[in-house]
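Here the structure comes first, spelled out in structure tokens, and everything after it is commentary.
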Amino acid sequence: MKDSEFEDNRVEFTARELMESDIPEPQWIVPGFISPGLTLLAGTAKCGKSWLGLGLATSVSLGLPALGKIEVEKTGVLYLALEDIAVRLQNRLSTILQDKEAPDNLHIFLEWPKFNQGGLQKLDSWLTLHSYVKLVIIDVYAKIKNPTQKRNWYEQDYDDLGELKKLSKKHSIAIILIVHLNKGKDFEDPLNAITGSTGMTGAPDTLSLLRSNRQMTSGKLMIVGRDVQQIELTLRFDSQSTSWVIEGDSEEYKISDQRIAILNLLRDKKQPMKSSEIAKALGKKDNAIRQLLSKLHRDRDVIKPMHGLYAIPNNNNHIDNNNNN
């Protein structure tokens, strides 16, 4: 049984088959933030959502650190700038790129048909022809979504977003929908202020909320989802590059409390452990721990001596240094 066949085609299996299968980790677009699937990026008007979206699109298409700190793999990007005009985008890109060459794998559209006018089918066909594109950013979702009908609002939102999720799975891509927050609402949970029904927050894989001060010089990015560790990043708007960047030292982003807990556990056990064993020992969900182990393995903080087992490398001075930080 091939791993890809299990992931893509199988919809029925036993618990033993599931646990004994080696299902590949998702290929992150922006590690810890954007993975294949559907992401909602919400914020109030003039909070810098479009700057954030364009900055992510540029970083990923060039293979440069996203938010100034997060290493990414270079890949193609489709950016639907449905509230912009060409001259404004040209000015914004010129400040973001500075002296860098403009990427030819960043495709920009200023217009796109609504889903009920063939927009979803067009997106499917376009992605088929441009298989190297792995990130789609739609700014804003309201410009292409189906008009509100008389049926249940929740069902419509959930079904519409479900179609986008199917598309993201079909093409193994990440889709970011930029949406607005309801004006004048001050909910205890800010995610409840996202425009639309609860279907808007229930259907996506990841929810991201950008909040900034009135001058748009600093902000907070809250990220919560099914496959990501819940985090809140402190951002600063760099006026020179006109981009949102993570505030503080890059090591502060790289090393989290859970990462340190994993490293300490493996060091104390002095023997390889499965992700499920680590999750049980730390009282965490297995999926979240597997995501962190994948990052630690990529950063060479842990090794995989055997399939499905993780351990501290023999030469782990850099780990001790990270913990000291």
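For the range 100-110, the set of residues classified as under 27 Å from PHE237 (Cβ atoms) and in a loop (DSSP other than H, G, I, E, B) consists of LYS100, GLU101, ALA102, PRO103, ASN105, LEU110, listed by residue number. What do you reckon, is PRO147 assigned by TED's automatic domain parsing to the domain that holds TYR79, under 19 Å from the mean Cα position of the chain (by Cα) and either in a helix (DSSP H, G or I) or at pLDDT below 90 (or both)? Answer is no for this residue.
Considering the range 111-126, and only residues there that are outside any helix (DSSP H, G or I) and surrounded by fewer than 13 Cβ atoms within 10 Å (Cβ to Cβ), the residue that is nearest to the chain's Cα centre (by Cα) turns out to be GLU111.
Against the list (1) surrounded by fewer than 20 Cβ atoms within 10 Å (Cβ to Cβ); (2) modelled with pLDDT under 60, the condition ARG211 fails is (2). Annotation: of all residues in the range 221-247 being modelled with pLDDT under 85 and assigned to a loop (DSSP other than H, G, I, E, B), the one that is surrounded by the most Cβ atoms within 10 Å (Cβ to Cβ) is VAL228. The set of residues in the range 87-107 that are farther than 21 Å from LYS134 by Cβ and touching a strand residue (DSSP E or B) at 6+ places or on another chain (Cβ under 7 Å) contains only LEU89.
Does VAL87 satisfy the condition of being buried (at least 16 other Cβ atoms within 10 Å of the Cβ) and farther than 16 Å from LEU167 by Cβ? Considered against the rule, which asks whether it is buried (at least 16 other Cβ atoms within 10 Å of the Cβ) and farther than 16 Å from LEU167 by Cβ, VAL87 comes out as no. Considered as a group, the residues in the range 127-144 that are assigned to a helix (DSSP H, G or I) and in contact with a Leu (Cβ under 7 Å, 6 or more places away or on another chain) include one that is farthest from LEU164 (Cα to Cα), and that residue is LYS143. Tallying residues that are closer than 17 Å to ARG290 by Cα, touching a residue at least 60 places away in the same chain (Cβ under 8 Å) and touching a Leu at 6+ places or on another chain (Cβ under 9 Å) within the range 207-237 yields 3.
Residues that are polar (S, T, N, Q) and part of a loop (DSSP other than H, G, I, E, B) do occur in the range 87-99, at least one of them.
Given the structure, is ALA288 in a helix (DSSP H, G or I), without any contact (Cβ under 8 Å) to a residue 12 or more places away in the chain and within 25 Å of the chain's Cα centre (by Cα)? Answer is no for this residue.
THR217 fulfils the conditions (1) closer than 25 Å to LEU38 by Cα; (2) modelled with pLDDT of 85 or more except for a single criterion, (1).
Taken over the range 292-320, the criterion of being modelled with pLDDT under 80 and part of a helix (DSSP H, G or I) is satisfied by LYS295, ARG298, ASN317, HIS318, ILE319, ASP320.
Note on the range 89-147: residues that are touching a residue at least 24 places away in the same chain (Cβ under 8 Å) and not hydrophobic (A, V, I, L, M, F, W, C) total 24.
The values are calculated or read from the model by the stated rules, or taken from the named source; none is laboratory data. Remember, predicted model here, so these are calculated numbers, not experimental data. Neighbour counts run over all protein chains shown; Cβ positions are idealised from the backbone, glycine included.
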